[in-house]
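**Q** One structure follows; several queries about it will come next.
Bear in mind these aren't lab numbers, they're just calculated from the coordinates by the rules spelled out. These numbers were taken from a predicted model, which means no experiment stands behind them. In this analysis, Cβ positions are derived from the backbone assuming ideal geometry, glycine residues included, and neighbour counts consider all displayed protein chains.
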Amino acid sequence: MNNISIGRYIPYNSKIHRLDPRLKLFSMILFMVMIFLRFGGAQTNYMDFIVYGFIAVIILIIMAIAHVKLSLLFKQLKSLWFVVLILLIINLLMPNDGPYFLIFNTLKIYHKALYDTAYIFIRLVLMISLTMILTSTTTPLDLTYAIEWYLTPFKIIKVPTHEIAMTISIALRFIPTLLDETDRIMKAQASRGVDFQNGKFREKVKAIISLIVPLLVSAFQRSEELANAMEARGYNPGAKRTRYRILKWKWLDTIALVLSLSLFALILYVSIAKIDIVVLISGLLG
Amino acid sequence: MPINFDHVFYTYSKKTPFEQVGLEDINLSFNDYKFIALVGHTGSGKSTLVQHITGLLLPDKGVVHVDDYVITPKKKENKNIKKIRENVGLVFQFPEYQLFEDTVLKDVAFGPKNFGVSEKETIERAKSAILKVGLDESYFERSPFDLSGGEKRRVAIAGIIAIKPKVLILDEPTAGLDPQGSKKMMQLFCEINKNGTQIIMVTHDMDLVLEYADHVLVMKDGKVAKESSPLDLFSSSDYKELSLDYPCVFAVATELIKKGMKIDLTKIKNLDTLVEEIKKGRDSYE
Amino acid sequence: MSVLSVKNLTFGYEKDKPVLKNISFQIEQGKYIALIGHNGSGKSTLAKLIAGLLELQSGTIEVFGELLTDKNISVLRQKIGIVFQNPDNQFIGATVRDDIAFGLENNCVPHKEMDAIINEFAEKVNMTDFLDKEPTRLSGGQKQRVAIAGVLAMNPKIIIFDEATAMLDPKGKKEIREYILKMKKEDESLTIISITHDIEEAYNSDEVLVLNNGEIFLKGTPEEVFKDKNKLKEIDLDLPFLMKLKDKLSDCDIDVKDVKNLEELVNKLCQ
């Protein structure tokens, strides 16, 4: 239960950690859009890889500033090889044309199939590294506040944004508690002879029921006690309340915003104008 | 049943910033004692230790022997863990949270059934276990979720007793009960103990240790700090350094001895024996 | 002055199954009240009613002379703090800091003042070094200390402890008890209602209220309540250690009636 490292906040006092979560969330969305753009023309699809390489370098720089270790990224990518394998098989089975080479003189391997697999794989890796940077440098609570801030306009149409944020933050607060509880109940049932790993289908279903029922019962009890505790301390949904955590926009955030926007503009231009770096450089060289 | 620990090490959340020592070089062997108490402050490794006896945690290093079975660090080598769990019953702290069936009888029968006991015998065992914990026939078909906290705990304990383990491990079985409830609970364990089941009890209550245990282990920072009979433990000069409580009757007896009364400390187990000794002590005055 | 006055209170979660039956009592300001009784005797229900967490069915509750109603419940609630049994289920904030802030936010304390208040009350319970820690990194005793700080920060006049130490280890229990005594000392007008199984704590309180089967079984100073030991035995309630010992000694014709504490008892026995 303690091995869950995906999406975990890693405390450190880096510049990236200190950035405003609203900015971080916004920038991540910009990066995601950049990754989903297509570059170059039909004949110059190597441009995709050149731009991705460029974005990857920037992501690596951000990771270095944020003190997010590469090894952590690799750990998460380990579970990805299976996805890549499936992707590859699907792509190989897809009807295709164009250049190909043969294996065992019968199996046609199209270049495009390999290209498409690599393409999706790179996108996945970039997306995973981006989310990892966000989650490991931003506490879940700060993220919640950022989401709440973005939802503020919806208050006009009576969306209870504050209550939504409160719900999310309490859910986040109780995730470790419930994980501990799961561990405890699993061990208690294992002491009664339950085998959570092996066994026939029917036994497995029973094993899961013996975990889920107590977990639900205790979660309900917890929520009732929690509701009492909140009410006793004067919480009244919908009522006016002040805030302890206030997001503060700093100079650093403005700089980071300008940087992300300029990068976004540049990449967008490269994409729309179908710029081919190779042509550009060879043109410059005369 | 012989239980041996051979250079056992265990660390929680290994290789993360939250790494924490669980057990450090534990060497133990207890065979002949009937009632073993395991004491120490929270986080000293008591629960970690008992979870190693039934293979709920596997050692990082070292070996645990339980009867003829061996528990080693490698998951694949531990095929016989289910057999160990049939012989060593573990009742967790607040065990009432592990109930999940719709009737008390079914819930108590769950354990023996998992260990492959025949249908007929399972029901018999369940019924006799429920009666043994002090509940009557009217409870058989009731839902465990409608019972009071103390009754639920009895049902949970019956669920382990029905497995008929040779060793019963109890992790703070009286925590959260009212004094009347705890007293009844201890009477129950005493009876089980007298009928030949070895008991290992994790507790903070030194009065219980003095009254019931014939051997006591003190844990501190993942190590065994002391191992002796309760009397030797409480009379030893370095007990104070462990900053644990003294049993009330023991404290009074030592005060009386200091003031010159002749009292046989080995005879003192509870209030009745203390009064007995005081009577004798006063008689010898006159 | 009476800070709390309960009159003819009857309450049940199900019809015809009253948990509390026609309860009436008064509590004076600045007293330390121990509320004892078996599990299921209605203690926690009574606490929830006083704190306004359950709706009244019949009978009245007055807080500082004001009748508790639906309308003034949120105002009167500010005068009553409650610390519950389970340390995990009353920790609302993501960190110690946020948890103490939670009540302040609800009471609309301006943002500028919060940090000072949080620091002040964290210091009172010795949690200053843990302000940015998450609840999973704290012991049960530490979490209860945060709960106390959170309640104290709202400046209540009455604090209810609903078996606040029941789930803690001896060290945690002792700590919490010391903090309660300390805050009582710092503010003598503070009224404390402690629901407890700890008979020694009840013995050292100002006033004891014994609840049995939803009724007030006994009421009075500890001397008065524990004097009636046969009556307590009738409902199988535990006695303080000293009393049990004295009791058993008297049964053996050893006269220790007048001793007030263990030290005196030892001296008397060794005369």
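**Q** Which of these, B:K164, B:K61, B:K183, has the largest mean-square fluctuation under a Gaussian network model of chain B (Cα springs below 10 Å)?
**A** B:K183
**Q** What percent do you get for the relative contact order of chain C when only Cα pairs under 8 Å and 6+ apart count? Provide the component values of the computation, followed by the final result.
**A** Values: 444 pairs, mean separation 63.4, N = 271.
Here the relative contact order equals 23 percent.
**Q** Between C:G81 and residues 5 or more places away or on another chain, which pairs have amide H atoms under 5 Å apart, with H built 1.01 Å from N, and which residues are they?
**A** Amide H neighbours of C:G81: C:K157, C:I158, C:I159, C:I160.
**Q** In addition: Helix B:104-114 versus the longest principal axis of chain B: what is the Cα-based angle in degrees, 0 to 90, to the nearest 10?
**A** Helix B:104-114 sits roughly 80 degrees off the main axis of chain B.
**Q** When the scattering of the range C:108-220 is computed by the Debye formula from its Cα atoms alone, each counted once and equally, what is log10 I(q)/I(0) at q = 0.14, 0.16, 0.21 Å⁻¹?
**A** Summing over Cα pairs of the range C:108-220 leads to -0.65, -0.82, -1.24.
**Q** Can you give the relative contact order of the range C:138-271 as a percent, counting alpha carbon pairs under 8 Å and 6+ residues apart?
**A** Here the relative contact order equals 16 percent.
**Q** Now, a different point. Any chance you could list the semi-axes, whole Å, largest first, of the equivalent ellipsoid that the Cα gyration tensor gives for the range B:104-209, using √(5λ)? Could the numbers behind the result be given before it?
**A** Details: eigenvalues 105, 57, 23 Å².
Computed over the range B:104-209, the values are 23, 17, 11 Å.
**Q** In addition: Measure nothing but the geometry: give the 0 to 90° angle between the long axis through the Cα atoms of B:271-285 and the longest principal axis through the Cα atoms of chain B, rounded to 10°.
**A** Tilt relative to chain B: about 20 degrees.
**Q** Straight-line reach only, C-alpha to C-alpha below 19 angstrom: list the aspartates and glutamates that A:K206 could link to, leaving out same-chain residues fewer than 8 apart.
**A** Leaving aside aspartates and glutamates fewer than 8 places away in the same chain, those within reach of A:K206 are A:E181, A:D183, A:D195, B:E86, B:E96, B:E101, B:D102, B:D107, B:E119.
**Q** May I pose another question? For chain B, take the longest principal axis of its alpha carbons; what is the angle in degrees between that and the long axis of helix B:149-161, to the nearest 10 within 0 to 90?
**A** 70 degrees
**Q** Something else now. Ignoring trypsin sites (Lys or Arg not before Pro) that are buried or in helix or strand per DSSP, and keeping those with at most 13 other beta carbon atoms within 10 Å, what is the longest stretch of chain C between them?
**A** Of all site-free stretches, the longest is C:72-256.
**Q** Could you tell me the center-to-center distance, by alpha carbons, between the range A:223-257 and the range C:188-265 in angstrom?
**A** After rounding, the separation between the Cα centres reads 46 Å.
**Q** Something else now. Would you pull out the residues with amide H under 5 Å of A:Y100's amide H, same chain only if 5 or more places away, H placed 1.01 Å from N?
**A** Here the answer is A:H111, since their amide H atoms fall under 5 Å of that of A:Y100.
**Q** Which listed residue (B:H52, B:L168, A:V278) has the Cα farthest towards the positive end of the charge dipole for the protein assembly as shown, taking +1 on Lys and Arg C-beta and -1 on Asp and Glu C-beta about the Cα centre?
**A** Comparing the listed Cα positions along the dipole, A:V278 ranks first.
**Q** May I pose another question? State, as an integer percentage, the relative contact order of chain B based on alpha-carbon contacts under 8 Å between residues 6 or more apart.
**A** This gives 21 percent for chain B.
**Q** OK, next. Among the trypsin sites (Lys or Arg not before Pro) within the range A:146-188, which fall in a DSSP loop and have no more than 15 other Cβ atoms within 10 Å of their own Cβ?
**A** Details: sites: A:K155, A:K158, A:R173, A:R184, A:K187; in loops: A:K158.
In loop regions of the range A:146-188 (DSSP not H, G, I, E or B), the sparsely surrounded trypsin sites (Lys or Arg not before Pro) are A:K158.
**Q** Once amide H atoms are built 1.01 Å from N in the peptide plane, which residues 5 or more positions from B:L217, or in another chain, come under 5 Å H to H?
**A** B:A37, B:L38, B:V39
**Q** I need the semi-axes of the equivalent ellipsoid of chain A: take the C-alpha gyration tensor, multiply each eigenvalue by 5, square-root it, list largest first in whole angstrom.
**A** 42, 32, 16
**Q** Counting pairs of Cα atoms in the protein assembly as shown, how many percent are more than 43 Å apart?
**A** Considering the protein assembly as shown, 44 percent of its Cα-Cα pairs are separated by more than 43 Å.
**Q** List the residue ranges in chain A for DSSP H helices whose C-alpha atoms run 24 angstrom or more along the long axis and whose Kyte-Doolittle average is -1.0 or above. Numbers along the way, then the final one.
**A** Working: long enough: A:46-66 (30 Å, 2.48); A:111-137 (39 Å, 1.09); A:161-191 (44 Å, 0.26); A:201-232 (46 Å, 0.50); A:251-272 (31 Å, 2.10).
Length and hydropathy pass: A:46-66, A:111-137, A:161-191, A:201-232, A:251-272.
**Q** Give a residue-ordered list of calculated ³J(HN,Hα) values for the range C:93-100 (Karplus: 6.51 cos²θ - 1.76 cosθ + 1.60, θ = phi - 60°; whole Hz; x for Gly, Pro).
**A** x, 6, 9, 3, 3, 5, 5, 5
**Q** Also, I was wondering about something else. What is the Cα convex hull volume of chain C when expressed per residue in Å³? Provide the component values of the computation, followed by the final result.
**A** Values: hull volume 39.1 nm³, N = 271.
In chain C, the Cα convex hull volume per residue is 144 Å³.
**Q** Only loop residues by DSSP count here, and only those with at most 14 other Cβ atoms within 10 Å; note down the chymotrypsin sites (Phe, Trp or Tyr not before Pro) in the range B:1-73 that meet that.
**A** Taking the range B:1-73 and a limit of 14 other Cβ atoms within 10 Å, the loop chymotrypsin sites (Phe, Trp or Tyr not before Pro) found are B:F18.
**Q** Which one, C:I195, C:G52, C:V19, is farthest towards the positive end of the dipole of chain C when Lys and Arg carry +1 and Asp and Glu -1 on their Cβ?
**A** Comparing the listed Cα positions along the dipole, C:V19 ranks first.
**Q** While we're on this one: Rounded to the nearest 0.05, what FRET efficiency is calculated for C:S58 and A:L284 with R0 set to 56 Å and r the Cβ-Cβ distance?
**A** E between C:S58 and A:L284, to the nearest 0.05, is 0.05.
**Q** If you don't mind, there's one more thing I want to ask. In the range B:107-151, which chymotrypsin sites (Phe, Trp or Tyr not before Pro) fall in coil by DSSP and have 12 or fewer other Cβ atoms within 10 Å?
**A** Answer in residue order: no site qualifies.
**Q** Further question: Per residue and in Å³, how big is the convex hull formed by the alpha-carbon atoms of the range B:23-137?
**A** That works out to 152 Å³ per residue.
**Q** If you don't mind, another one. Semi-axes, largest first, in whole Å: what does sqrt of 5 times each Cα gyration tensor eigenvalue give for the range A:161-236?
**A** For the range A:161-236, the semi-axes come out at 33, 12, 10 Å.
**Q** Running a GNM on chain A with Cα contacts under 10 Å, which residue among A:T144, A:T106, A:T177 ends up with the highest mean-square fluctuation?
**A** Result: A:T106 has the largest fluctuation of those listed.
**Q** Per DSSP H run of at least 4 residues, take -39500 (n - 2.57); add these up for the protein assembly as shown, divide by its residues and hand me the 222 nm value, nearest 500 deg cm²/dmol.
**A** -15000 deg cm²/dmol
**Q** Nothing charged except the Cβ atoms of Lys and Arg (+1) and of Asp and Glu (-1): what's the magnitude of the dipole of the range C:1-86 about its Cα centre? Round to the nearest 20 debye.
**A** 120 debye
**Q** Report the charge-dipole magnitude of chain A in Debye, nearest 20, computed about the Cα centre from +1 at each Lys and Arg Cβ and -1 at each Asp and Glu Cβ.
**A** The calculation lands at about 520 debye.
**Q** Give the separation of the Cα centroids, the range B:17-87 to the range B:172-231, in Å.
**A** Measuring centre to centre over Cα atoms gives 18 Å.
**Q** The range C:159-175 to the range C:19-70: how many Å between their Cα centroids?
**A** With the range C:159-175 and the range C:19-70 each reduced to a Cα centre, they are spaced 21 Å.
**Q** Further, regarding this structure: Between A:Y145, A:Y100, A:Y52, find the one with the highest GNM mean-square fluctuation for chain A; connect C-alpha pairs within less than 10 Å.
**A** Residue with maximal mean-square fluctuation among A:Y145, A:Y100, A:Y52: A:Y100.
**Q** Quick one: Kirkwood hydrodynamic radius for chain B, alpha-carbon pairs, angstrom, one decimal?
**A** 20.4 Å
**Q** Assuming a viscosity of 1.567 mPa s and a temperature of 4 °C, what translational diffusion coefficient in µm² per second does Stokes-Einstein assign to the range A:207-286, Rh being the Kirkwood radius over Cα pairs?
**A** 66 µm²/s
**Q** Further question on the same structure: Among DSSP beta bridges whose residues both lie in the protein assembly as shown, state the antiparallel percentage, nearest 5.
**A** Counting only bridges with both partners in the protein assembly as shown, antiparallel ones make up about 55 percent.
**Q** Put +1 on the Cβ of every Lys and Arg and -1 on every Asp and Glu Cβ in the protein assembly as shown; which of A:M28, A:L179, C:G220 then has its Cα farthest towards the positive end of the dipole?
**A** Farthest towards the positive pole: A:M28.
**Q** Dipole size in debye (nearest 20) for the protein assembly as shown around its Cα centre, Lys and Arg Cβ +1, Asp and Glu Cβ -1?
**A** Dipole size: approximately 2820 debye.
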